[in-house]
1. Which entries of Lys92/Lys317; Lys46/Lys84; Lys304/Lys359; Lys169/Lys357; Lys132/Lys211; Lys264/Lys334 show an alpha-carbon separation above 21 angstrom in the structure shown?
2. With θ set to phi - 60° and the Karplus curve 6.51 cos²θ - 1.76 cosθ + 1.60, what are the ³J(HN,Hα) couplings of segment 300-306 in order, to the nearest whole Hz, using x for Gly and Pro?
3. Please list Ile121, Ile351 in order of solvent-accessible area, largest first, computed with a 1.4 Å probe with all protein chains present.
4. Roughly to the nearest percent, how much of the accessible area of segment 44-274 is carbon and sulfur, given a 1.4 Å probe?
5. Ranking request for peptides 66-73, 98-105, 218-225: highest mean number of other beta-carbon atoms within 10 Å first, then the rest in descending order.
6. Counting only Cα atoms, I'd like the Rg/Rh figure for segment 224-272, Kirkwood definition for Rh.
7. Considering only protein heavy atoms, what per residue accessible area in square angstrom results for segment 44-274 with a 1.4 angstrom probe?
8. Out of Tyr69, Gly246, Val101, whose Cα points farthest toward the positive end of the dipole of segment 44-274 (charges: +1 Lys, Arg; -1 Asp, Glu; placed on Cβ)?
Amino acid sequence: MIILSKHKEFRPYIICILTIKNTILSSLLTLISFFCVPNYLISQEKPFVVVLDAGHGGHDTGNRGNGYYEKKIALNIALKTGNKLEKIKGFKVIYTRKTDVFVDLIERANIANRNDADLFISIHCDAFTSPKAYGAGTFVLGLHENERNFKVAQRENSVIFLEKDFEKKYDGFNPNDPQSVISLLLMQQTYLNQSIAAASSFQKSFVNNLKRKDRKVKQAGFIVLKYTYMPSVLVETGFLTNPSEGAYLNSSKGQENMANALSKAIINYRNIRDASYIDDNIELVDKQVEKQVNDVPKSNIKFKVQIAASKNKLELKPYNFSGLNSITRLKSGKLYRYYYSETSTYKKALIKLNEAKSKGFSNSFIVAFDNDKIISITKAQQLLK
Ligand SMILES: [Zn+2]
């Protein structure tokens with residue numbers, strides 16, 4: 001609003017003063033709103049990056065149940081899902097392929113890593129020897145719980161045989177050996193809880209929105225999920241080998257419905273994730289108070305076992321860390337480092353290191369701290385003498 005002075009000669013000064021006043025006022029308001037807005041709302045402004053990975057493509061057709069093409073159906077569902085999410089503010093969609101091309105499994109994961117994605121979803125269609133099998137299932141990376149889960153992973157992993165130098169690229173991984181999966185597990189361990197949360201969201205959506213048979217969240221060793229640094233799931237949208245489910249998935253109506261269910265599940269997962277961030281913050285405050293009361297260190301030197309590093313801020317709950325208690329988290333740069341236990345001697349730390357390794361964190365190592373500053377183990381031992 002500009003008030004015009006009756007005295008023409010003063011007008012430029014008044015307008016100038018009013019403009020300066022408005023600028024100061026609006027800067028102040030911005031500043032105030034910045035401090036008043038809770039942190040979690042600010043963090044929501046960063047878009048939620050979701051990577052949609054349409055399985056197979058090019059000379060890899062995927063399964064051909066009832067003559068359908070898994071690669072085509074997966075691509076249509078991925079594009080339709082992305083189309084819905086792109087219209088929603090706060091979402092950024094990345095595709096591993098938008099056309100009928102062959103993409104290496106490791107490159108699919110790398111696309112997600114390069115884009116610092118919040119969620120990776122690999123979209124597929126199932127196949128089985130019996131035409132009776134039907135329903136949608138969602139997988140997270142883990143040990144195959146049974147023969148059937150191994151078979152699903154084996155089929156999806158076998159596409160690496162179509163890639164050049166697959167032995168080198170996948171560290172000698174053999175899709176036909178059930179034991180080979182154990183080496184896959186470490187990387188995704190950090191994200192397992194979030195991956196399961198995402199997978200549950202998909203299953204709920206399939207059942208509630210599409211009335212599909214719930215084939216539950218399952219674990220199996222999928223290579224494409226191994227190399228991602230974020231929560232990752234693989235969705236088997238249904239069986240092409242089942243006559244009616246195959247026809248449904250091959251129809252544009254079926255694909256549209258499936259895309260609806262997937263996009264709703266992704267939005268739901270984002271909401272759950274943001275909500276648990278808030279819980280996490282509240283919990284941290286309590287822990288700090290508790291620490292001040294109970295924990296007066298006798299020495300400034302302490303040892304911790306670093307078990308993982310991740311871009312994701314995980315809740316410090318045992319179920320996120322294979323049942324380990326006493327987990328602390330430190331942020332350094334873009335990474336959160338997760339430490340198990342805190343001891344006053346190196347000897348005790350070695351015992352804790354073995355415990356962590358026995359829980360599957362085989363790359364764990366001991367870190368020494370002097371007043372919360374990281375120092376070398378040798379220096380810590382000298383200072384303790
Ligand atoms: Zn597939």
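1. Pairs exceeding the cut-off: Lys92/Lys317; Lys169/Lys357; Lys264/Lys334.
2. 7, 8, 9, 10, 9, 9, 7
3. Ile351, Ile121
4. 53
5. Peptide ranking by packing, descending: 218-225, 66-73, 98-105.
6. Values: Rg = 13.5 Å, Rh = 12.6 Å.
Looking at segment 224-272, the ratio lands at 1.07.
7. Working: 9290 Å² over 231 residues.
Each residue of segment 44-274 exposes 40 Å² on average to a 1.4 Å probe.
8. Gly246
The values are calculated or read from the model by the stated rules, or taken from the named source; none is laboratory data. Because the structure is predicted, anything quoted here is derived from the model rather than measured. Using ideal geometry, Cβ is built from the backbone for each residue, glycine included, and neighbour counts are taken over all protein chains shown. The protein model used for the area step is the full one, side chains on, heavy atoms only, and it has no ligands, DNA or RNA in it. Shrake-Rupley method; radii C 1.70, N 1.55, O 1.52, S 1.80 Å.
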